[in-house]
Amino acid sequence: MPDPIFAREDVAESELVTRRGRFRAVAFAHGGSEHLALVFGREPLGEDVLVRVHSECLTGDIFGAVRCECGEQLGAALDAIVREGSGVLVYLRGQEGRGIGLVAKVRTHVLQDEQGMDTVDSATSLGLPVDVRDYTPAALVLAHLGVRSVRLMSNNPDKISSLEEHGIRVSSRVPLLMPASPDNIAYLRAKRDRLGHDLPQLDRFAVGERHG
Ligand SMILES: [Zn+2]
């Protein structure tokens, strides 16, 4: 037997029935934060598993804020996994605002709203890094679950190299495109133009246009 990836005291799992269905919930601690993987459907997992690695966004995920698309992506990823009949959602905590924390994230919102800065400039003008997220815990839990390669639901090409550096092969990237709206268009454009996210749906969005 190879050494276990997590120490016994750092991992626990149970069944978790949600309104979408029956998942296996695997809670684990790594790097000073506690995270959760939700596993759905057929096991054992191995190759080409449909996976979302989602960074916590309290305002979007819990309270349904529409200035970013995090909450919508979380729901859409879970829906896709259930539709597929199999997959894993890894929910990484301690990653608010691409890793700067909740207080700092809200501080960037002030600069965005009052000075028209985008998500990148509002962070750097506060002396904060633009993205310090670490995907190591996601790679570790995927390995713990027996996942060797993934079809990764993401618009962020950087996430691929980060998982692959940690031994999880990304066999393909599955776009997770949320509709643009007047509320999120500035944020989405900054993600596309300054952070290199692949967001082709923005090409169809004209200023002042409302999408459902
Ligand atoms: Zn968000």
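Observations
- Estimated dipole of the stretch 71-136 in Debye, rounded to 20 [Cβ of Lys and Arg +1, of Asp and Glu -1, Cα centre]: 240
- Between the Cα long axis of helix 102-115 and the first principal axis of the chain there is an angle of about 20°, rounded to the nearest 10.
- Note on the stretch 72-151: Cα convex hull, mean projected area over all directions, 6.4 nm².
- Residue (of SER172, LEU145, ASN184) at the positive-pole extreme of the stretch 140-191, dipole from beta-carbon charges: SER172
- Relative contact order of the chain, pairs being alpha-carbon contacts under 8 Å that are 6 or more residues apart, as %: 20
- In the chain, a dipole from Cβ-located charges (positive for Lys and Arg, negative for Asp and Glu) runs towards its positive end, and of PRO157, THR18, THR119 it is THR18 whose Cα lies farthest in that direction.
- In the chain, helical runs assigned H by DSSP with n ≥ 4 each contribute -39500 (n - 2.57); averaged across all residues and rounded to the nearest 500, the mean residue ellipticity at 222 nm is -9500 deg cm²/dmol.
- Using only side-chain charges placed at the Cβ, +1 for Lys and Arg and -1 for Asp and Glu, the dipole size of the chain relative to its Cα centre rounds to 400 debye.
- In range of the label at VAL106: residues from the stretch 30-66 whose backbone nitrogen is under 18 Å from the point 7 Å along Cα→Cβ: 56-66
- Rg(Cα)/(2.2 N^0.38 Å) for the stretch 1-71, N = residue count: 1.32
- What you get for the stretch 149-209, charging only the Cβ of Lys and Arg (+1) and of Asp and Glu (-1), is a dipole of about 100 debye around the Cα centre.
- Only alpha carbons enter this Debye calculation for the chain, each as an equal point scatterer, and the log10 of I(q)/I(0) it gives at q = 0.09, 0.13, 0.16 Å⁻¹ is -0.36, -0.75, -1.12.
- Listed peptides 71-79, 89-97 appear in the order 89-97, 71-79 once ranked by packing, highest mean of other Cβ atoms within 10 Å at the front.
- Rounded to the nearest 10 degrees, the inclination of helix 70-84 to the longest alpha-carbon principal axis of the chain is 40 degrees.
- The label point for ARG67 and the one for VAL132, both projected 7 Å from the Cα toward the Cβ, are 2.1 nm apart.
- An ellipsoid equivalent to the stretch 119-198, defined through the eigenvalues of its Cα gyration tensor, has semi-axes of 27, 17, 9 Å when rounded to whole angstrom and sorted largest first.
Just so you know, all these numbers are worked out from the coordinates, no wet-lab data involved. Remember, predicted model here, so these are calculated numbers, not experimental data. Ideal geometry is used to build each Cβ from the backbone, glycine not excepted, and the neighbour counts take in all protein chains shown.
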